[in-house]
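Nothing in this text is a laboratory measurement; each read-out follows from the coordinates by a stated rule. Nothing here was measured: the structure is a model prediction, and the numbers come from that model. Virtual Cβ from ideal backbone geometry, glycine too; neighbours counted across all protein chains shown.
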Amino acid sequence: MSDKLRWWEDPEQVSLLWKRLQAIHVDRRDFIRVVAAAGGATGAAMAAAACRGGEAEPTTAPPGAVTPPPAVTPTPPTAVGPTPTPGAAASPAAEGELAEQQVLRTNVEEEPQSFDFNKDLYAGGDAVVFAQLAMFNTNNEAVPDIAERWEPNEDASVWTFYIRKDTFWSNGDPVTAHDYEWSWKRQLNPETQATYAGFLYDIKNAEKYNNADPSVTVDDVGVKALDDYTLEVTLEGPRGYFPILAAYIAAAPAHRPSVEKFGDQWTEPQNIVCNGPFKLVEWKHDEYFVLEKNDKYWNAKNITLQRIERPIITPDAAFLAYENDEIDILYRAPLGQLERVQNDPELSKQMQKYNLYGTWYLVPDPNFEPYNIKEVRLAMGHAIDRETIVRDVLKGLGTPAYTMNPPGMPFYIEDTFPEYTEYNPDKARQLLQGTPYEGGRNWPSGMTLTQRREGDAEAAVGSAIIAMLKDVLGMELEHVIGEPRETYDRMWAHQIPLMWVRWYIDYPDPANTLFQVWYSKQPSGHRHSWANDEYDQLVLQANGETDPAKRLELYKRAQEIQLADGAAIYVYNPWNYALVKPWVTNLPRDKDGNFTPAWNIFIRDYDYYKILKH
Amino acid sequence: MAQYIARRLLMIIPTLIAISLITFVIMHATPGSPLQPTAPNANPLPPAAQQALARRFGLDKPLWQQYLVYLKNIWNLDFGISYQYRTREVKDIIYRTFPISLHLGAMAMAVAILVGIPLGVLAAVNQNGPIDYVCSLFATLGVSLPNFILALFLIVLFVRLVPIIPRTGGWSSPIDWVLPTLALSLGPVGILARYTRASMVEVMRQDFIRTAQAKGLSDVQVVLRHVLKNGLIPPITILGPMFAAIGTGSPFVEKIFRVPGMGRFFVDSLITRDYPMIMAVILLYGAFLAVMNLLVDVLYGVVDPRIRLS
């Protein structure tokens, strides 16, 4: 661990990064993706361990699963190519002629509070109006943006960013190192009341300054413009991941003269000055806002869109607006319309499904009645008709799951283990024979199926499961949909008898599922209470196995042990879908060809889209 | 008369003070203050910033002081800064959104009166006939169909299936007014029609109507001159509060049709614990309601000469 630049191998740095990202409510999954992008499987395992809140024991990183960390140099010696790699999907020749007016219309669900991302990254406007020192590409890697390059000192505790000289604010002012110094200090100033200032606490004295510690002044904060185009950031210690922080919208700048002149009103359209690829030109409160390309942004020549119109449309009405050609992209299309979309000859072509790479499953905790009896758990596995759930409840937006690892992932287990997972009501009832619940009677009163509040689809499947269990086994379950955080806390404390829960894949390796979820000796806590020594040994061994065939065999054996004991009942793998009009082309895609819409880590998808004549 | 109105207007002031006090107490008793770092969904501010924020909004003072300061401020029409939209003053938000809701509400009210009352009259005159049943059906639908369902239904019908209206929502040209007005008015149409019918039927059984008919007046004259005038008292009574309710905006109709009105703040301000906004919308509604009730009382005198205001 002497090389602090390989920060993804340093548990301390990884857990610090997690703390920073938690401060701004970044999803655990996004965090692990980012670390995985930098450090491969080692990084991801570290990240996942850091999320557990405990010490990231190096042993929790599956030794065998380690793909050698890619030769990511956190210090790109020169600027990357002028275009943020529009991906392999771009083949303009075959796509047809571009429209004269490059206008994209897509709804925003709520009236933004402001566009002051420097003060609050969840301000709700469109983050594309500001550019950070770095940005994320579609593979979640931090690449240069306003800084054309950066370099750390020997132990990565001081970072120097070299700002481009060819990028300007929308009013023509040059973007300088002073802008970032001033903006970050503005965010840290307690008088600013910036909600997520904790994100910048890696900067030396930032935490003290933000907490109004009398021993520090604003000049002690470790960010300093050495000259107009050189920004030196001194950190509290070695932080190899700092460029990732510098790429987040939480590190966005604010335009000092505007803030000083207009105060809180500086992001109103008549006042705002932007440095991102787009600028805010119009904002009719509670109705819509309009962005136009900022020609003074360094990479403007490689961005095709000229104008983005964002009407404020509540999700309930957005689908109708999409159908009526009022918007070009509907990022979150409604599940209730799925069947119609699929059967519609036109809409079905506009559907952009994206795999969420996850598994929804049911966990009967063997420490609670009646799940302490193995036959009850096994009977439940045979009482749930997964195919019907996927076909009728999810309308095909998902796949039936029989094992933990979702399809499309390496080491996916093709075997569905029908002996334990086949839908067979007779077999389910037979299993109850000899238990106190024979014939579907005498179930304890007050049984519940608990999940955390999420989408409609998940709750609908939960209800379907309850109906099936009642139908086949006579179980009377009450559906409890709990407050998210509270429910997960109780799950980790093993207080929930029957949990309906999901796991989203963080990085493509079964170490992330069968090992991280179910290995019962995790030093940082155990998600579910079920434990089995033989299982633990198999998944540990699998982590270290280098022969893929043998490794798959080990996982298969482990999976079978788990299913044979009724530890979990896997039900389905979720997908989601967006609707994109046929004239929107050059969609951003990751290296596997999946559509990557802008989510929590703010991939700037507008940089990619091109509008065809229509 | 003028004295009566002046007295009633003065009475609104203590009413509003009472409303504000009750709202203030309940609001602060609800968990999830904007300044409780431990409350769910609370902000993750460090203590120093928390204190700065509290100072800025005056939340560091004892409750009774906060209330008195608030009363003093609204006397100068200063409703404070919205907690949810910290760059905007509550006053500015209300100035921008209330006229739009009022505009929409007035149109919906006009439709309700122009359709609902004739519908009720028709139903009463044709009591238990086919027209009565059609009116009943219409009125029942109007009352029982939630307006956001109706809103979506209207979009499907008039934008998608029979494309009379070009777009699903907005507020930039009069064509955008049509659907939200319809969606908002159907409920009041139903209520008004039922009230009018019931009171007309009762009046028609009175002796003086029989006298009028015996004098040889035509049916139309009897209905217009005698029945309607007496039968309108109950509908007028509900017109006041009804207008106060729809004139301050409907969260659902406005959201679905993208009407930039103030309706959504009745819901959003509570969810976000936006204290100044909660107080403002409730006081506005209270004042509106009080004025409408006064207006109704004055109208009674016009419709029914027996009522003398003093």
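Quick look at the values:
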read-out: Simple label model, 7 Å out from Cα along Cβ direction - A:Lys613 to B:Ala198, nm; value: 6.5
read-out: About the Cα centre, charge dipole magnitude for the protein assembly as shown (Lys/Arg +1, Asp/Glu -1 at Cβ), debye; value: 3400
read-out: Cα shape, chain B, gyration tensor, a/c 1.5 rule; value: oblate
read-out: Inter-chain Cβ neighbour average for residues B:168-174, partner chain, 10 Å; value: 5
read-out: Local electrostatic count, A:Leu552, Cβ distance below 14 Å [Lys/Arg +1, Asp/Glu -1]; value: -3
read-out: Options B:Trp64, B:Gly187, B:Gln84, ranked by Cα towards positive dipole end of chain B, top entry (Cβ charges); value: B:Trp64
read-out: Rounded if a/c under 1.5, otherwise prolate or oblate - the stretch A:368-440, Cα gyration tensor axes; value: prolate
read-out: Two-site label geometry, B:Val291 and A:Glu97: point separation in nm, points 7 Å out along Cα→Cβ; value: 5.8
read-out: Karplus-derived 3J(HN,Hα), 6.51/-1.76/1.60, for each residue of the stretch A:323-339, Hz, glycine and proline x; value: 4, 8, 6, 8, 9, 9, 10, 10, 5, 10, 7, x, 4, x, 9, 4, 4
read-out: Modelled FRET efficiency - R0 60 Å, A:Arg557 with A:Asn153, Cβ distances, 0.05 increments; value: 0.75
read-out: Spin-label model distance (nm) - A:Asp415 vs B:Val220, 7 Å beyond Cα toward Cβ; value: 9.0
read-out: Computed E for A:Ala459/B:Ile271 - FRET, C-beta separation, R0 22 angstrom, nearest 0.05; value: 0.60
read-out: Residue pairs, from the table A:Lys224/A:Lys279; A:Lys261/B:Lys91; A:Lys19/A:Lys208, whose Cα atoms sit over 20 Å apart; value: A:Lys224/A:Lys279; A:Lys261/B:Lys91
read-out: Cα-based helix-to-principal-axis angle, B:90-111 vs chain B, degrees rounded to 10; value: 10
read-out: Sequence ranges A:468-480, A:193-205, ranked by mean other-Cβ count within 10 angstrom, highest first; value: A:193-205, A:468-480
read-out: By average C-beta atoms within 10 angstrom, highest first, the peptides A:568-576, B:195-203; value: A:568-576, B:195-203
read-out: Local net charge near B:Asn230, Cβ-Cβ under 15 Å (Lys/Arg +1, Asp/Glu -1); value: +3
read-out: Chain B, helix-only ellipticity at 222 nm - DSSP H runs n ≥ 4, -39,500 (n - 2.57), divided by all residues, nearest 500; value: -21500 deg cm²/dmol
read-out: Inter-chain Cβ neighbour average for residues B:92-101, partner chain, 10 Å; value: 1
read-out: Shielding by partners - mean other protein chain Cβ count within 10 Å, residues of A:120-126; value: 1
read-out: Peptide ranges A:387-393, A:446-452 listed from the most packed, as the mean C-beta count within 10 angstrom indicates; value: A:446-452, A:387-393
read-out: For B:Ile238, B:Ile246, order by how many other beta-carbon atoms lie within 10 Å, fewest first; value: B:Ile238, B:Ile246
read-out: Average Cα contact separation per residue, the stretch B:103-212, under 8 Å, 6 or more apart, as relative contact order %; value: 45
read-out: Per-residue HN-Hα couplings for the stretch A:220-235 [Karplus 6.51, -1.76, 1.60; θ = phi - 60°; Hz; x = Gly/Pro]; value: 7, 5, x, 10, 8, 7, 6, 8, 4, 10, 10, 10, 10, 10, 9, 9
